[in-house]
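Colleague: Pasting a structure below so you can have a look.
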Amino acid sequence: MEVCLGSSTAFASPSSTAFALGIRRRCSTFPVLLWDRLPLGKSRDLKCCSLSSDKQNTKYCYCSGKCKYKRLPLSLSLLENRFVGCCSKLKTACITGIGKFTPSLQKVLQSPERFNILFHAFSIRIIAGAMIAMTLGATIVKSPSWALSEENLLFLEAWRTIDRAYIDKSFNGQSWFKYRENALRNEPMNSREETYAAIKKMVATLDDPFTRFLEPQKFKSLRSGTRNTLTGVGVSIGYPAGKDKPVPGLVVVSATPGGPASKAGVLSGDLILAIDDTSTENMGIYDAADRLQGPEGSGVDLVVRHGSETRHLSLVREKVSLNPVKSRICRTPLLGEDGPLIGYIKLTSFNQNASGAVREAVETLRQNNVKAFILDLRDNSGGLFPEGVEIAKIWLNKGIIVYICDSKGVRDIYDTDGSNASAAMEPLVVLVNKGTASASEILAGALKDNKRATLFGEPTYGKGKIQSVFELSDGSGLVVTVARYETPAHIDIDKVGIIPDRPLPIAFPKDDESFCGCFQDPAASCYLNRSELFSR
């Protein structure tokens, strides 16, 4: 067996008098012994020798190369064990025949008493170092990062999701990494309920009403809402935009036609002041949405304010169909039976079927000789961002659809080359109101800024943030604000909305059945001349 004698770059600097047993830098991670006060003179050469014993079991070190003392007695057998324990790992790294042992080392090896004193002092250091290492090891084991439970891992999964996706990389002015460490140390996470509470508390520090955590059942309901139906009262809600003073309650962004709320007369812009005797003044919109949804046939009581009138409503929850598109053909008799036909398309939401349904409606109307279109986005509170982009491609021959931005500016551009266009040339009017929000505003902004359509109505809601949905490993989920957007004209519409080109008559109907009458009777309060409607 070979052992290495020489200087260790891991412990001795060129100016120090330290002596180590080991090899050069690449062996420094396996030091054998270290003497801090052993004088070496100028020589710090590496030397390898082999250990052996005679019949009296006296230990000797036989050195190879040019070594003056070929047979050096070692007074401590423990030293051999120390050599064996380390150098057995480094045998191939040992180098033989380099330089000479230093005179000081020779004297020490020939003086057992001095060697024993030095070795004894070093042993004390080894023991003290081991105790310190054990103490540090115990401290590390207590650290959450070294002993993570299943609940800790779920919390970290949520933390990482926000860390990677959230738009504000200052995380509302806090150290996101420090929050993680403090939460793992201090927040109780002994059950799934406690872990959910810790995640919600973490999300709340962002102070973003659109970023939220959803338990598995709520996450499942959210997904079903983007697919086909929901069971509730059929309203989309948001925060009131009080410019001068705070407005209590939650605002109705839109009421689904034919839903319980719509049949009870709830309109866009109404305020919901209470749900089942619980005030909504400090209630979040997602807490309110949870209260409004429930089993089919169950009841819910609302206090609703319309203007200066306050009403108490008792509604029964129903399955609200989310079929996103209704369409019909409107004739203009004053231009004769052979006059151009108007195709009316009502888009109520942006679920996963929206773009396909709009495309199908456009094709059906064109087959019936429709020469102009009206796209009604009133009370459409949005939905899936990709569907908004795809519907814009139906109407645009080419151009920018939307800019996706973060805190540093534009990071992505959605555009079209016209390859997916179905109706890029026919005259187009888009109807909007304060219930037009989110994906609806992306679509309306793209059509307006590309001068593809004329917008009629009132300023839109003004939600210029984009959220993405992330499922966690246990079936719960996070809805995270990942970006903001700008229209093709680089307009940030958040809390401002899109300003239409022209207003609509106050009495202009929202239901598709009454819509066509506004083009047929000049005496009607909602009358719109077709030529005026489609003129630029």
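Colleague: Provide, as a two-decimal number, the C-alpha radius of gyration of region 440-536 over 2.2 N^0.38 Å, N being how many residues it has. Please list the in-between numbers first.
Modeller: Values: Rg = 18.3 Å, N = 97, 2.2 N^0.38 = 12.5 Å.
Normalised Cα radius of gyration, region 440-536: 1.46.
Colleague: Taking Cα atoms of region 297-431, Rg/Rh with Kirkwood Rh, to two decimals?
Modeller: My calculation of the ratio gives 1.09.
Colleague: Can I ask one more? How long are the semi-axes of the equivalent ellipsoid of region 255-312, taking √(5λ) for every eigenvalue λ of the Cα gyration tensor, in whole Å from largest down? Spell out each step's value before the answer.
Modeller: Details: eigenvalues 55, 50, 22 Å².
Over the Cα atoms of region 255-312, the semi-axes work out to 17, 16, 10 Å.
Colleague: Could I ask something else about it? Take every Cα-Cα pair in region 395-437 and report what % of them are more than 17 Å apart.
Modeller: Considering region 395-437, 55 percent of its Cα-Cα pairs are separated by more than 17 Å.
Colleague: Output the pairs from 319/434; 169/448; 371/393 with a Cα-Cα distance over 27 Å in this structure; if there are none, say none.
Modeller: Pairs exceeding the cut-off: 169/448.
Colleague: With r defined as the distance between the Cβ atoms of residue 153 and residue 407 and R0 fixed at 25 Å, what FRET efficiency is calculated, to the nearest 0.05?
Modeller: It comes to 0.25.
Colleague: Please list 3J(HN,Hα) in residue order for region 360-373, calculated via the Karplus relation 6.51 cos²θ - 1.76 cosθ + 1.60 where θ = phi - 60°; whole Hz, with x for glycine and proline.
Modeller: Residue by residue, region 360-373 yields 5, 5, 4, 5, 5, 5, 5, 5, 9, 6, 5, 10, 8, 10 Hz.
Colleague: What accessible area per residue comes out for region 241-312, rounded to a whole number of Å², with a 1.4 Å probe?
Modeller: In whole numbers, region 241-312 has 53 Å² accessible per residue.
Colleague: What is the set of long-range amide H partners of residue 464 at a cut-off below 5 Å, with H atoms built 1.01 Å from backbone N?
Modeller: Residues meeting the amide H criterion: 494, 495.
Colleague: Here's another thing I want to ask about it. Would you mind getting me the FRET efficiency between residue 177 and residue 279? Use the beta-carbon distance for r and R0 = 30 Å, nearest 0.05.
Modeller: Values: r = 38 Å, r/R0 = 1.26.
It comes to 0.20.
Colleague: Continuing with this model, one more query. Leaving ligands, DNA and RNA out of it, report the carbon-plus-sulfur percent of the accessible area of region 269-321 at a 1.4 Å probe.
Modeller: That share works out to 44 percent.
The values are calculated or read from the model by the stated rules, or taken from the named source; none is laboratory data. Remember, it's a predicted structure, so these values are computed and weren't measured experimentally. Cβ: placed from backbone, ideal geometry, glycine included. Neighbour counts: every protein chain shown. For the accessible areas, the whole protein counts, side chains as well, though only heavy atoms, and no ligand, DNA or RNA atoms are used. Shrake-Rupley method; radii C 1.70, N 1.55, O 1.52, S 1.80 Å.
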